[in-house]
Amino acid sequence: MKDIPTAVCLKKGAGLLAGTWGVWFLPLLTSTSLLFPFQCSGSCGQGRMIRHVYCKTSDGRVVPEAQCNLETKPLAIHPCGDKNCPTHWLAQDWERCNTTCGRGVKKRIVLCLEIVNGKIKTRNPTDCDVTKKPIEETTCFERPCFKWYTTPWSECTKTCGIGVRMRDVKCYQGTDIVRGCDPLVKPVGKQTCDLQPCPTEPPDDSCQDQAGTNCALAIKVNLCSHWYYSKACCRSCRAPHS
C-alpha cells in the first residue's frame, strides 16, 4: 500500500502539477492543508470532498485533459470522514466522451482506498468488495453526427452506349437536413453509365420480326430505339407509322 500523493507546488495560492503539454491547475488555496477547502459530505466510507482540477497551458488557457499527463492528475474527489476508515471504493468524475458526435465511450478512475490515522492509503482492488465496485466505463452519446445520405441510382438515360444516371445526395444531422457535412467526402450525385454498344449494322431489307415478340406494343411505347426491339421487331420498327 502507498500514500496518495498530495504534495503540490503552491505559487500565489494556485497549485500546479506539470504535465506533458500543460499543467494541472488546482483551486486557489493558501496552504496544503486547504487542498480540499469544502466540508466533508458524509461519514466514514461515504464522505467526499470535491474540487475542480483543470489542465492549463503556461499562458493560462484551459485545454483538454489529454494535454496533461493523466498519470499525475490530482484527485478531484477525495475520501474523508473518520480518522480510520476500512477499505472502500472511490470513483472519480467521468472523463469526456471519446467522440465529439454520435455514440462513444467514457471512462473514470475507480480506486480502492483506506484511511489509516487520517492518512489515505491505496489498496489493491482485491482488498475491496468487487461486487460493490462502481463501473469504470459506460457508453455516452453526444450530438448526432453530420452524415451524407444518398438515394438509389436512377436508371441510365440511355438503353445502349454511354448515358448518365443520377441520385440525390443530402447532408443529415439526425433527422434534419443541414449543411455541416464535409464537402471533401461528399458522394457523387451523377455518373456515366456505359452499357453495351448500340447496334451499328446496316439495315437488312430481308429482316423479319422475331416470333413471340409483341412488336405492336413495342411500337406503341416507342421501344424501337432499344437495341433488343430494334432487332426483334426490325420490320415493324422500319415501317412508317402514323
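For the reader, a short list of remarks on this structure follows.
- Any pair with Cβ under 7 angstrom, 6 or more apart, that starts in segment 180-199 at a residue that is on the phi > 0 side of the Ramachandran plot and ends at one that is assigned to a strand (DSSP E or B): none
- Candidate set from segment 113-141 (those that are in a loop (DSSP other than H, G, I, E, B) and modelled with pLDDT of 90 or more); member that is surrounded by the most Cβ atoms within 10 Å (Cβ to Cβ): Cys128
- Only one of Thr87, Thr150 that is in contact with a Pro (Cβ under 7 Å, 6 or more places away or on another chain), over 30 Å from Asn222 (Cα atoms) and either of a type in the set (Ser, Thr, Tyr) or open to solvent by 60 Å² or more (accessible area, probe 1.4 Å) (or both): Thr150
- Against the test of being within 30 Å of Trp227 (Cβ to Cβ) and outside the structural domain of Pro86 (by the TED database), the options Thr175, Thr151 yield a single qualifying residue, Thr151.
The values are calculated or read from the model by the stated rules, or taken from the named source; none is laboratory data. What you see is a predicted model, and the numbers here were worked out from it, not measured in a lab. Positions of Cβ are generated from backbone atoms using ideal geometry, with glycine treated the same way; all protein chains shown enter the neighbour counts. Only protein heavy atoms, including side chains, enter the accessible area calculation; ligands, DNA and RNA are left aside. Shrake-Rupley method; radii C 1.70, N 1.55, O 1.52, S 1.80 Å.
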